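The values are calculated or read from the model by the stated rules, or taken from the named source; none is laboratory data. Just so it is clear, the structure is predicted and the values come from calculations on it, not from any experiment. Glycine gets a Cβ as well: all are built from the backbone with ideal geometry, and neighbour counts include every protein chain shown. The protein model used for the area step is the full one, side chains on, heavy atoms only, and it has no ligands, DNA or RNA in it. Shrake-Rupley method; radii C 1.70, N 1.55, O 1.52, S 1.80 Å.
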Amino acid sequence: MPSDLARHFLLDPGFAFLNHGSYGACPRPVMEDYRRWQERLERQPVAFMEPAHLADCFTEVARVLGPELGAEADDLVWVTNATAGLNVVARSLDLRPGDEVLTTDHEYAALEKTWAFVAARTGAVVRTVAVPLPLAAESFTDALRAGMSGRTRVLFLSHVSSPTALFLPLATIVAEARARGIVTVVDGAHAPGQVPLDLTALGADYYVGNCHKWLMAPKGTAFLHARRDRQSLLLPPVISHGWIEDRDAPGPFGGTAFQDAFRFQGTRDPAAWLAVPAALAFRAEHGWTTVSAACQRLAWEIAGEVAAVTRLAPLATPETSAPQMIALPLPDCDTGALHRELRAAGVEIPCYRWQGRPFARLSVQGYNGPDDGARLVAELARLLR
Ligand SMILES: Cc1ncc(COP(=O)(O)O)c(C=O)c1O
């Protein structure tokens, strides 16, 4: 791990770690802040857990996180991960037989299961549109528009796609869907910290994003952003002290009904969430905008070298790919075996099939340096021979 920033991370220095995308990696000072919160809780658990104290803590996180997301603090609540937040949304919607959920063929597999689960229980139908490739804003919007009908009730899109690492241009179709009364749900698992966000301007009904991936907060930190007029429809996964039946009345603990219902869900350890501001501070201290730009340059250098080995061009361009993730097509191979062999050689990168085609997904974060790419390229050249 040859970048200067690598010393701030706990990652095994024996690895060329090129898979930030799956679970992120949390810098040491952020982990220290996370542990400090846990210790504060353990010193006086009863005082710490008092609703007024917890509410203050949560309010402070949302106050600091909101500007990063282009969001009003009051529209954000903590969920433990993107899957959990999107489950809340999908399972709160009042879908009926014949209603359609419109989505793309680039979604994360776990969320495909969530929508299939909801469809099976409500009689709704999931309709999947193939995103035309190479990705372009106009053909993307056209394809989704063509998929809409009078039965479309929900539009579900990733902001950054998991299998293909595309940065999907969703603003136009989200606005159109909203104008047609279609509920818009965005899976922003990979977006915060990787792509610029203005959630208020985007205006999606529901947007869920992870802080534990590209913002580098501890694991278990994601947010659910709900547009003000859509908050009262959401059912928290746990009904507890924070719940109030009248969804338009103030919550029982000084927040809105939405905030209190999601803040108070029985005894939980909120330390990871309370360390989100430390992750933002770490990024600011190290000039992460500049770091990210350098990561993007390095990612494309590595992608070019991999393409020279595989003779296959990346699926996207710097304009259409996620800034720090690139899907690299591979020659036909056993992707499971390739992944195992790369790991055995000290290279961590996901290798998988998408639509029957083999890919590796490259992630580059501030701790990576050119040596990591060189190791990947050398091992791929050896293993794909
Ligand atoms: C697009 C997308 N959505 C959702 C998730 C799930 O994230 P989490 O495991 O934090 O719930 C992922 C994970 O990589 C993802 O890529």
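At a glance:
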quantity: All positions within segment 126-143 that are closer than 14 Å to Leu155 by Cβ and not basic (Lys, Arg); calculated: Val126, Thr128, Val129, Val131, Phe140, Thr141, Ala143
quantity: Residue list for segment 363-380, filter: open to solvent by less than 40 Å² (accessible area, probe 1.4 Å) and of a type outside the set (D, E, K, R); calculated: Ser363, Val364, Gln365, Gly366, Tyr367, Asn368, Gly369, Gly373, Leu376, Val377, Leu380
quantity: Matching helices (runs of 4 or more DSSP H) fully within segment 1-100 where at least 1 residues are modelled with pLDDT of 95 or more and among the acidic types (Asp, Glu); calculated: 28-43, 51-69
quantity: Which listed residue, of His190, His225, His159, His241, is more than 29 Å from Thr122 (Cβ to Cβ) and touching a residue at least 24 places away in the same chain (Cβ under 8 Å); calculated: His241
quantity: Pairs with Cβ under 6 Å, 6+ apart, first in segment 74-93 and more than 16 Å from Gln265 (Cβ to Cβ), second part of a loop (DSSP other than H, G, I, E, B) and within 12 Å of the ligand (Cβ to nearest atom); calculated: Ala82/Ala189
quantity: Whichever residue in segment 95-105 is open to solvent by 20 Å² or more (accessible area, probe 1.4 Å) and under 25 Å from the mean Cα position of the chain (by Cα) and, among such residues, is farthest from the ligand (Cβ to nearest atom); calculated: Glu100
quantity: Any hit, segment 106-125, residues being away from the ligand (no atom under 16 Å from the Cβ), in a loop (DSSP other than H, G, I, E, B), in the same structural domain as Arg227 (by TED's automatic domain parsing) and open to solvent by 20 Å² or more (accessible area, probe 1.4 Å); calculated: yes
quantity: Val46 vs. criteria touching a strand residue (DSSP E or B) at 6+ places or on another chain (Cβ under 8 Å) and under 28 Å from Phe258 (Cβ atoms); calculated: no
